[in-house]
Amino acid sequence: MITHLFVWWFKFKGWKISGVVPHEIQKAVIIAAPHTSNWDFIYALAVFKLLGLNVKYLAKKELFRFPLSIFLKNTGGVPVERKKSQSLTEAMINKFNNFDKLLVIIPAEGTRGKVEKWKSGFYYVAVGANVPVLPGFLDYRNKEAGFGEPIYLSGDKVADMNKLKMFYKTKEAKYPELFNIESIKID
């Protein structure tokens, strides 16, 4: 499969894994940050393959057309209809409640461009499903990818987001000018 090529590229470029998903964590919301490049997706899939993780990710429904749909579904892609007024948060909470094991990766920035604040969906899903947040990262300066320690959200948004800010302040995006450390806040 093509993910083998991604693994080869990850190793060829000199990347290494730093931090893994603890074995006792069966369910979690994984944050994908910083997210400034399409390369982030390739490196992330390589990490999941190398660690043997079955991670799900959300992608806009429009991408799920043949033949790309085969690749997306085989790598954990879940189509999302973004035009309907449905509660994606509630749907994700229900998925967590119906599975014994589920790791979902969410790019909290919501885009590869610079943002003023993160999307809050990951937070409400983790709180609603009572699962930890795992800060996933790609650090282009050090060529490291992996996961930080699980964060069990307290409901105090400011304190919880400060923990994430402290974690991500040492991570460098592929395009550093597009990652705003001060954007790690939610309403």
Residues whose modelled amide H sits under 5 Å from the amide H of Ala108, counting only those 5 or more places away in sequence or on another chain, are Ala32
Relative contact order, percent, the chain [alpha-carbon distance under 8 Å, six or more residues apart]: 31 percent
So, by mean Cβ neighbours within 10 angstrom, what's the order for 10-18, 89-97, 38-46 with the highest one leading? 38-46, 89-97, 10-18
Pairwise FRET efficiency - Met166 versus Leu53, Cβ, R0 = 22 Å, nearest 0.05: 0.35
Additional length obtainable on full extension of the chain from Lys119 to Phe71, 0.36 nm per residue less Cα span: 14.7 nm
If you rank Phe99, Phe48 by fewest surrounding Cβ atoms within 10 Å, what's the result? Phe99, Phe48
Could you give each residue of the range 179-187 its phi-based ³J(HN,Hα) in whole Hz, using Karplus coefficients 6.51, -1.76, 1.60 with θ = phi - 60°, and x for Gly or Pro? 9, 9, 4, 6, 7, 7, 7, 9, 7
For the pair Asn38/Leu5, report the inter-label distance in nm, with labels modelled 7 Å from Cα in the Cβ direction. 1.3 nm
Mind checking which of Val29, Val125, Val78 has the largest fluctuation in a GNM of the chain, springs on alpha carbons under 10 Å? Val78
For the range 61-68, in order, what is each residue's ³J(HN,Hα) by Karplus, 6.51 cos²θ - 1.76 cosθ + 1.60 with θ = phi - 60°, in whole Hz (x at glycine and Pro)? 3, 4, 6, 8, 10, 4, x, 4
How many angstrom separate the Cα center of the range 86-123 from the Cα center of the range 16-67? 13 Å
Using a Gaussian network for the chain with springs between C-alpha atoms less than 10 Å apart, which of these wobbles most: Pro132, Pro22, Pro150? Pro22
Amide H neighbours of Asn142 under 5 Å, at least 5 residues apart or on other chains, H built in the peptide plane: list them. Glu172
Most mobile of Leu68, Leu153, Leu102 per a Gaussian network model of the chain (Cα springs, under 10 Å)? Leu68
Specify whether the C-alpha gyration tensor of the range 59-136 places it in the rounded, prolate or oblate class, a ≥ b ≥ c being the square roots of the eigenvalues: rounded for a/c under 1.5, otherwise prolate if a/b is larger than b/c and oblate if not. oblate
Segment Lys157-Arg141, length gained on full extension (0.36 nm per residue, minus Cα span): 2.9 nm
Would you mind checking Lys27/Lys185; Lys95/Lys117; Lys13/Lys73; Lys11/Lys95 for any pair whose Cα atoms are more than 32 angstrom apart? Lys11/Lys95
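Looking at the chain only, what percent of DSSP beta bridges run antiparallel? Nearest 5 please.
20 percent
Where a number appears in this text, it was derived from the coordinates with a stated rule and is not lab data. Just so it is clear, the model here is predicted, and its values are computed rather than measured. Note: ideal-geometry Cβ built from the backbone for every residue, glycine included; neighbour counts use all protein chains shown.
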